[in-house]
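Colleague: Mind looking over this structure? Questions follow.
Computed from the coordinates by the stated procedures, all read-outs in this text should not be read as laboratory data. In this text, all values refer to a predicted model and were calculated from it rather than measured experimentally. FYI the Cβ positions are ideal-geometry reconstructions off the backbone, even for glycines, and counts take in every protein chain you see.
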Amino acid sequence: MSETETRDAPASVHGDTRPTERRLNMVEAINEALDVSMARDDNIVVMGEDVGYFGGVFRCTAGLQDRYGKTRVFDTPISECGIIGIAVGMGAYGLRPVPEIQFADYIYPGIDQLISEAARLRYRSAAEYIAPMTVRSPFGGGIFGGQTHSQSPEAIFAHVSGLKTVIPATPYDAKGLLIAAIEDNDPVIFFEPKRIYNGPFSGYYDRPVQPWKRFDASIVPEGYYRIPLGKARLATEGDQLTVLAYGTMVHVAEEVCREKGVEADILDLRTIVPLDIEAIEASVKKTGRCLIVHEATRTSGFGAELSALVTERCFYHLEAPVERVTGFDTPYPHSLEWAYFPGPIRIGEALDKILQDLKR
Amino acid sequence: MADRPEGTGRAGENRPALSLHVPEPKFRPGDTVDFSHIEVPEAGMQARPDETCDPKDMRELAYGLVRVLGEDNRAHGPWDPKLDPETLRAMLGHMAMTRAFDERMFRGQRQGKTSFYMKCTGEEATSVAASMALAGDDMVFPSYRQQGILIQRGYPLIEMINQIYSNKGDKLKGRQLPIMYSSREHSFFTISGNLATQTPQAVGWAMASAIKGDSRIAATWVGEGSTAEGDFHAACTFATVYNAPVILNIINNQWAISSFSGFAGAERTTFAARALGYGLAGLRVDGNDPLACYAAEQWAANRARANAGPTLIEFFTYRAEGHSTSDDPSGYRSAQEREEWPLGDPVMRLKRHLIELGEWDEERQEKMDLDAAEHVKKVTKEAEANGILGHGLHHPFRTMFEDVFEDLPWHLKEQAEQAIHERKTKFPEGLPNEGKGA
């Protein structure tokens with residue numbers, strides 16, 4: 001069992017590049033998770049637009065068709081409804097499909113197959129049929145993708161009973177979480193924050209990107225390991241406040257806290273359904289303050305759920321109102337991308353507000 | 001009229017005015033029905049190509065009508081499946097049982113024993129005969145009017161009734177609307193209730209079977225109305241792209257609740273002709289001719305098993321009853337349609353064929369119908385012992401929270417506790433039916 005146990009991610013340490021350790025970016029980590037999983041279980045099939053010979057527009061499936069053949073890794077028609085629909089049927093047969101939706105913004109034509117079918121198959125058939133699929137999809141902005149290559153629709157899926165939603169923030173986590181998602185017997189939406197495929201994002205778009213290899217979270221063990229769904233990661237530890245974030249925003253929050261000298265428990269939620277409520281409660285009860293950060297639009301965003309949960313469960317421990325920092329309630333703009341993005345100014349001001357009466 | 005873009009002035013003012021066509025069925029309530037516009041070719045006249053033929057060499061079959069049983073009650077032509085009398089009698093028996101079951105369940109709904117029911121009267125052949133042409137372990141992805149498949153595959157009636165009553169015997173734990181059956185044991189996929197979603201799923205199952213080098217094929221059923229859904233077109237595309245071993249059965253019963261088939265495009269072409277644009281084999285079949293239904297499904301199954309590709313079949317039939325217990329067809333169509341339907345009734349046609357063969361008679365038919373009704377009545381009583389909808393004999397409260405996920409996460413555990421707390425608040429002495437049901 002030792003190989004299946006969770007290992008804690010190494011902490012991020014700037015500039016530490018021990019040469020003996022293998023360092024991967026998030027694309028390579030995801031590719032390796034698929035590779036490791038496919039080698040272990042020949043019921044796993046990978047399909048999607050451009051994922052076969054070409055290896056995916058972000059290269060996440062590179063080399064897999066060569067290794068596992070065209071009937072296990074194949075291109076599909078441009079039909080997300082069809083991609084998810086056939087994945088439901090394949091799951092009913094006994095396969096474990098891992099469809100890729102090229103951008104999360106394209107997932108909507110497949111949403112009926114996800115919400116009305118995959119998510120409810122186990123329930124409506126009293127477990128006669130299940131949908132053990134993992135839908136991988138790059139999401140989030142910060143790459144000048146405009147309104148159709150930048151969205152963060154995680155709250156739509158979190159709202160659906162029967163779906164799990166996973167969002168990794170590091171290469172180490174991406175590999176372990178993806179392996180766990182693929183092995184999960186329920187449908188999982190696996191959103192990959194494409195802004196941090198190549199390196200964590202500080203929130204300063206005008207500074208050069210730091211590649212993953214400069215951070216220890218890029219140390220990815222070879223072979224098989226899994227990170228259980230529903231366990232948050234404490235990215236940094238501190239007792240002034242709790243920051244709840246996932247994906248790209250974990251790194252932006254880290255950078256802003258570091259700059260401002262704020263000592264925060266930054267909880268990288270990793271999965272929003274199931275949610276690690278224990279970790280959230282324990283941290284907020286310790287710090288008494290809570291900031292929620294996500295890139296998605298504000299109204300009915302997942303931050304609203306988090307804010308409600310923290311208020312319901314930790315109210316008497318709170319010393320300041322819960323704050324949310326989010327994207328604005330507009331479509332994702334192209335030229336004004338960085339005005340939309342919940343960057344260092346928005347986060348910094350929220351931190352100041354939450355901490356204003358805190359004696360430093 | 002909407003404003004034109006500024007600066008275009010009076011350009012185009014002298015062009016003719018456009019008009020929008022909104023389809024209208026030929027007959028509404030009270031109208032005299034005349035179906036003489038429906039072309040009914042003579043039985044036996046349609047060519048039967050080799051199962052492995054190129055779809056472009058069988059174009060005409062997408063516009064014609066494959067028929068076997070003639071006006072003389074005899075089987076004709078190359079599509080005659082040449083079934084032995086025993087098989088024909090079994091087919092008749094399954095169809096009669098389906099009809100008897102529908103009658104009883106419809107009445108049960110009217111008596112308040114359940115919330116909803118849907119009959120398949122007049123369409124029995126499209127499920128029973130088609131299902132008989134498949135192997136028992138071929139996977140079927142039905143819509144909601146294929147109860148004939150379950151009956152043909154020997155699914156116990158009591159399981160169907162338990163499901164319809166959502167009682168404590170319901171294998172699906174009372175979670176699904178009546179008639180949305182599921183039976184993995186009978187290779188029968190869980191019925192959704194959302195329309196056409198099952199069609200790409202069937203293609204995916206068939207692709208999986210092909211990936212694994214299995215020999216089983218998949219078949220799906222969809223109404224002509226819901227072929228308008230994107231899912232159906234995704235299914236056709238994926239089926240043709242991967243040459244999937246799948247059969248796409250379209251049940252063209254003319255009506256989708258109150259919308260006639262014209263709202264799915266029937267005024268312009270046949271549903272079988274959808275196949276042509278995709279490069280699928282397409283067959284248009286007399287859906288009230290059980291032998292033609294069997295023969296077409298068998299042809300498509302042979303084609304799929306030979307790795308020769310998918311087939312789209314349009315079964316041309318008529319929905320003799322309302323859409324469900326929730327609508328009154330006299331409010332939107334002429335009651336004469338049923339009587340005037342030019343393709344007759346599938347049960348009657350098969351009965352007359354068997355009599356013509358000297359393998360059946362009216363007395364045996366009467367006895368069979370009576371036995372079927374008696375059997376359904378007996379099983380209904382047995383099922384009622386497990387409860388009827390709304391009378392307390394349901395599954396325990398906690399089962400409401402099971403199977404959302406494989407494991408119960410914290411938020412569902414909390415909500416399950418709340419539900420049980422509410423029950424105890426309402427029934428401090430225990431449930432009225434405690435010990436029997438919850």
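Colleague: Averaged across the residues of B:160-172, what count of C-beta atoms belonging to other chains lies within 10 Å of each residue's C-beta? Please list the in-between numbers first.
Modeller: Working: counts 0, 0, 0, 0, 0, 0, 0, 0, 0, 0, 1, 3, 6.
Mean number of neighbouring Cβ atoms from other chains: 1.
Colleague: Amide H to amide H under 5 Å from B:Trp255: which residues, 5+ apart in sequence or cross-chain, H placed 1.01 Å off N in plane?
Modeller: B:Arg319
Colleague: Could I ask something else about it? Express as a percent, rounded to the nearest 5, the fraction of DSSP beta bridges in the protein assembly as shown (both residues included) that run antiparallel. Walk me through the numbers on the way to the answer.
Modeller: Working: 10 of 63 bridges.
Roughly 15 percent of the DSSP beta bridges within the protein assembly as shown come out antiparallel.
Colleague: How far apart, in nm, are two points set 7 Å out from the Cα along the Cα-to-Cβ line at A:Glu263 and at B:Gln111?
Modeller: About 7.5 nm separates the two model spin labels.
Colleague: Using a 7 Å offset from the Cα along the Cα-to-Cβ direction at both B:Ser330 and B:Thr87, what is the distance between the two label points in nm, to one decimal?
Modeller: 4.3
Colleague: Which one, B:Thr32, B:Pro245, B:Tyr63, projects farthest toward the positive side of the charge dipole computed for chain B from Cβ point charges (K/R +1, D/E -1)?
Modeller: The residue sitting most towards the positive pole is B:Pro245.
Colleague: Now, a different point. What is the helix-to-structure angle for A:80-93, meaning the angle in degrees between its Cα long axis and the longest Cα principal axis of chain A, kept from 0 to 90 and rounded to the nearest 10?
Modeller: Here the helix axis deviates by roughly 70 degrees.
Colleague: Let me ask you something else. Which whole number gives the average count of other chain Cβ atoms within 10 Å of the Cβ atoms across peptide B:397-410? Don't skip to the answer; put the middle values down first.
Modeller: Numbers: counts 0, 0, 1, 1, 2, 4, 12, 8, 13, 7, 5, 1, 7, 6.
Neighbouring Cβ atoms belonging to other protein chains average 5 per residue here.
Colleague: Related question: On a straight-distance basis, which lysines could pair with B:Lys171 in a cross-link, Cα separation under 21 angstrom, same-chain partners fewer than 8 positions away excluded?
Modeller: The qualifying lysines are B:Lys113, B:Lys377, B:Lys378, B:Lys381, B:Lys436.
Colleague: For the peptides B:89-95, B:19-25, A:162-168, A:228-234, what is the packing order when you average, over each peptide's residues, the other Cβ atoms within 10 Å and list the highest mean first? Don't skip to the end; give the middle numbers.
Modeller: On the way: B:89-95: 21.6, B:19-25: 9.7, A:162-168: 26.3, A:228-234: 19.1.
Order by mean packing, descending: A:162-168, B:89-95, A:228-234, B:19-25.
Colleague: With a ≥ b ≥ c taken as the square roots of the eigenvalues of the C-alpha gyration tensor of the range A:152-191, please select rounded if a/c is under 1.5 and otherwise prolate if a/b is larger than b/c or oblate if it is not?
Modeller: Note, shape of the range A:152-191 comes out oblate.
Colleague: Would you list the membrane-span-like helices of chain B, meaning whole DSSP H runs whose alpha-carbon atoms span at least 18 Å along their axis and whose mean Kyte-Doolittle value is at least -1.0? Could you put the intermediate results ahead of the total?
Modeller: Details: long enough: B:85-110 (37 Å, -0.67); B:198-211 (19 Å, 0.46); B:290-305 (22 Å, -0.39); B:362-384 (33 Å, -1.57); B:410-426 (24 Å, -1.75).
TM-like helix candidates: B:85-110, B:198-211, B:290-305.
Colleague: Before anything else, pin down the relative contact order of chain B: Cα pairs under 8 Å, at least 6 apart, normalised by residue count, whole percent. Please list the in-between numbers first.
Modeller: Details: 812 pairs, mean separation 97.4, N = 438.
Relative CO of chain B lands at 22 percent.
Colleague: Here's another thing I want to ask about it. Quote to one decimal, in nm, the extra length available between B:Glu382 and B:Thr8 on full extension: 0.36 nm per residue of separation minus the C-alpha distance between them.
Modeller: Numbers: separation 374, 0.36 × 374 = 134.64 nm, distance 7.54 nm.
Contour length minus Cα-Cα distance gives 127.1 nm.
Colleague: Among A:Phe144, A:Gly94, A:Ser116, pick out the residue whose Cα is farthest towards the positive end of the charge dipole of the range A:83-156, where Lys and Arg carry +1 and Asp and Glu carry -1 on C-beta, about the Cα centre.
Modeller: A:Gly94
Colleague: Something else: Only four residue types carry charge here, +1 at the Cβ of Lys and Arg and -1 at the Cβ of Asp and Glu. Report the dipole size of the range B:281-341 about the Cα centre in Debye, rounded to the nearest 20. Don't jump to the answer; show the numbers that get you there.
Modeller: Values: 6 positive and 10 negative charges, 89 e Å.
My answer is approximately 420 debye.
Colleague: Under a straight-distance cross-link criterion of Cα-Cα below 18 Å, which lysines are reachable from A:Lys194, leaving out those fewer than 8 residues away in the same chain?
Modeller: A:Lys175, A:Lys213
Colleague: Quick one: dipole size for chain A, taken about the Cα centre, charges +1 on Lys/Arg Cβ and -1 on Asp/Glu Cβ, in debye to the nearest 20. List each step's numbers first, then the result.
Modeller: Values: 37 positive and 50 negative charges, 40 e Å.
Roughly 180 debye for chain A.
Colleague: A further question follows. Tell me the angle of helix A:302-314 to the major Cα principal axis of chain A, expressed in degrees between 0 and 90 and rounded to the nearest ten.
Modeller: 60
Colleague: Size of the dipole of the protein assembly as shown about the Cα centre, Lys and Arg at +1 and Asp and Glu at -1 on the beta carbon, nothing else charged, in debye to 20? Present the calculation step by step, with values, prior to reporting the outcome.
Modeller: Working: 86 positive and 113 negative charges, 191 e Å.
For this selection, approximately 920 debye.
Colleague: Normalising by the residue count of chain A, find the relative contact order in percent from Cα pairs under 8 Å and 6+ residues apart.
Modeller: Dividing the mean separation by the residue count of chain A yields 17 percent.
Colleague: Further, regarding this structure: Which FRET efficiency value, to the nearest 0.05, do you get for B:Asn302 and A:Thr330 by plugging their Cβ-Cβ distance into 1/(1 + (r/R0)^6) with R0 = 60 Å? Write out the running numbers ahead of the final one.
Modeller: Working: r = 57 Å, r/R0 = 0.94.
That gives a FRET efficiency of 0.60.
Colleague: So what is the relative contact order for the range B:243-378, in percent, with contacts set as C-alpha pairs under 8 Å and at least six apart?
Modeller: Contact order relative to length: 30 percent.
Colleague: Residues in the range B:268-288, backbone N under 20 Å from the label point at B:Asp54 (7 Å along the Cα-to-beta-carbon vector): list them, ranges by number please.
Modeller: B:273-283
Colleague: Give the lysines reachable from A:Lys285 as a straight Cα distance under 27 Å; neighbours fewer than 8 places away on the same chain don't count.
Modeller: Result set, ordered by chain and number: A:Lys164, A:Lys231, A:Lys260, A:Lys353, A:Lys359, B:Lys413.
Colleague: From the phi angles alone, apply the Karplus equation (6.51, -1.76, 1.60; θ = phi - 60°) to the range A:32-45 and give each ³J(HN,Hα) in whole Hz, x where the residue is Gly or Pro.
Modeller: Each residue's phi maps through the Karplus curve to give 5, 4, 5, 4, 4, 5, 5, 5, 7, 9, 7, 8, 7, 10 Hz.
Colleague: Counting only other chains, what is the mean number of Cβ atoms within 10 angstrom of the Cβ of each residue in peptide B:238-247? Numbers along the way, then the final one.
Modeller: On the way: counts 9, 2, 1, 6, 5, 0, 2, 0, 1, 0.
Per-residue shielding by partner chains comes out at 3.
Colleague: Sorted by average packing, counted as other Cβ atoms within 10 angstrom per residue and highest first, what order do B:284-295, B:404-415, A:123-134, B:245-256 take? Write down the numbers at each step before the final one.
Modeller: On the way: B:284-295: 29.5, B:404-415: 15.6, A:123-134: 23.0, B:245-256: 27.1.
Put in order of decreasing packing, that is B:284-295, B:245-256, A:123-134, B:404-415.
Colleague: In degrees from 0 to 90, rounded to the nearest 10, what is the angle of the helix A:248-260 Cα long axis to the longest principal axis of chain A?
Modeller: On a 0 to 90 degree scale, this one is about 20.
Colleague: Let me ask something else. For the pair B:Asn73 and B:Lys367, what calculated FRET efficiency results from E = 1/(1 + (r/R0)^6), where r is the Cβ-Cβ distance and R0 = 22 Å, to the nearest 0.05? Can you show the working numbers first?
Modeller: Working: r = 21 Å, r/R0 = 0.93.
Efficiency, rounded to the nearest 0.05: 0.60.
Colleague: Ranked highest first by average number of other Cβ atoms within 10 Å, how do B:163-171, A:189-197, A:40-48 line up? If you can, show how the numbers build up before the last one.
Modeller: Details: B:163-171: 23.4, A:189-197: 25.8, A:40-48: 19.3.
Final packing ranking: A:189-197, B:163-171, A:40-48.
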